[in-house]
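The values are calculated or read from the model by the stated rules, or taken from the named source; none is laboratory data. These numbers come from a predicted model, not from an experiment. Ideal geometry is used to build each Cβ from the backbone, glycine not excepted, and the neighbour counts take in all protein chains shown. Areas reflect the complete protein model, heavy atoms only, side chains present, ligands, DNA and RNA absent. Shrake-Rupley method; radii C 1.70, N 1.55, O 1.52, S 1.80 Å.
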Amino acid sequence: MFDRFLSIFSRTRPAPTLTSVVRETDDSITLGRQAYDQSFRDRLSYDRGTLLTAILNLYRSNPLAKRIVEITTEFAIGDGFSFAIENSQRAERFLKEFWDHPLNDIDTQLPEWADEAWRTGDLFLLVSVDKAGMCYVRALPAESIAEIVTAENDYRQELAYKRSAFDEQPYQAYKAGTDQSTFVLHYALNRMVGATFGESDLMTVKYWINLYSDFLENRARLNFYRQLFSFV
């Protein structure tokens, strides 16, 4: 049932675990492990925390950056989503109950999720399942996830999400076909090959937004001092 829910928010479902069909002595195993070695992940390392802090400060202080995020959300969501499930009234009834549940209220949360995705490049959704099978979803701040634990031979197979390097009880990733009471779904935007985290839409325009802000500030200061003088 939850796979139907996943298909609404993602073009593809979580990738199944890869299994090897070649012998352990085959050289392709060694090459595969080398290609997905930890040293190759996240490409050129950078201070993600510092970058996220700069992006969030830019979003809060600069109306142009905030409007870029708002316009993207308005374009992506529009007037909202509607859905219908063919040949399964039971599934459609469950999905509507989940969507409109007071603790979910997905219509209200969707704009927040969209803003977070464009703003930070990552959307982490914490899903809790009660004994009756109802799911409750909350978005996690992207900066609260410090590390993504992945399979040894494949950076696309995410296993857990650590809040710090010393987190001994990380959030578990969604595993299809298993009984989980809580798990996290991760959707990354602008993710490079070999990277586990996405990148903010504002990253490439951050410099130019600041440059334009400086230009406007300088013009305002110039006009202020110009008006202090009287020319004859």
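Which of THR120, VAL149, PHE81 sits closest to the plus end of the dipole of segment 69-164, meaning its Cα is farthest towards the positive end, when Lys and Arg get +1 and Asp and Glu get -1 on the C-beta? Positive-end residue among those listed: VAL149. Please list, ordered by chain and number, the residues whose modelled amide H lies under 5 Å from the amide H of ALA146; skip anything fewer than 5 residues away on the same chain. Under 5 Å from the amide H of ALA146 lie the amide H atoms of LYS162, ARG163, SER164, each far enough along the sequence or on another chain.
Which loop-located chymotrypsin sites (Phe, Trp or Tyr not before Pro) does segment 138-232 contain, where loop means any DSSP state but H, G, I, E or B and the Cβ has at most 10 other Cβ atoms within 10 Å? Mind dumping the intermediate values first?
Numbers: sites: TYR155, TYR161, PHE166, TYR171, TYR174, PHE183, TYR187, PHE197, TYR207, TRP208, TYR212, PHE215, PHE224, TYR225, PHE229, PHE231; in loops: PHE166, TYR174, PHE197, PHE229, PHE231.
Within segment 138-232, the qualifying chymotrypsin sites (Phe, Trp or Tyr not before Pro) (loop, at most 10 other Cβ atoms within 10 Å) are PHE166, PHE229, PHE231.
Between ARG191 and GLU168, the modelled label-to-label distance comes to 2.9 nm, taking each label 7 Å out from Cα in the direction of the beta carbon. For segment 70-84, the Karplus equation 6.51 cos²θ - 1.76 cosθ + 1.60, evaluated at θ = phi - 60°, returns couplings of 5, 5, 4, 5, 4, 5, 6, 9, x, 8, x, 10, 10, 8, 8 Hz by residue, with Gly and Pro reported as x. Using the Cβ-Cβ distance between ALA160 and SER181 with R0 = 25 Å, the FRET efficiency computed as 1/(1 + (r/R0)^6) comes to roughly 0.95.
Between the beta carbons of LEU216 and ASN57, assuming R0 = 22 Å, the FRET efficiency works out to 0.80 to the nearest 0.05.
Carbon and sulfur atoms: what percent of the 1.4 Å accessible area of segment 73-152 do they account for?
Values: 2280 of 4470 Å².
Roughly 51 percent of what the probe reaches on segment 73-152 is carbon or sulfur.
Each Cα pair under 8 Å and six or more residues apart adds its separation to the average, and for segment 106-195 the resulting relative contact order is 29 percent. A straight Cα-to-Cα reach below 21 Å connects LYS206 with the lysines LYS66, residues fewer than 8 places away in its own chain not being considered. What the pair-distance distribution of segment 99-198 shows, using all Cα-Cα distances binned every 5 Å from zero, is 2, 12, 21, 24, 20, 14, 6, 1, 0 percent. Placing R0 at 30 angstrom, the Cβ-Cβ distance between ILE77 and VAL129 gives a FRET efficiency of 0.70 after rounding to 0.05. Applying the criteria of a DSSP loop state and at most 16 other Cβ atoms within 10 Å to the GluC sites (Glu not before Pro) of segment 60-106 yields GLU86. Shape of segment 190-232 from its Cα gyration tensor (a ≥ b ≥ c, root eigenvalues): rounded if a/c is under 1.5, otherwise prolate when a/b > b/c, or oblate? Prolate shape, in that a/c is at least 1.5 and a/b is the bigger ratio.
Eigenvalues of the alpha-carbon gyration tensor of segment 64-158, scaled by 5 and square-rooted, set the equivalent ellipsoid semi-axes at 26, 22, 13 angstrom, largest first.
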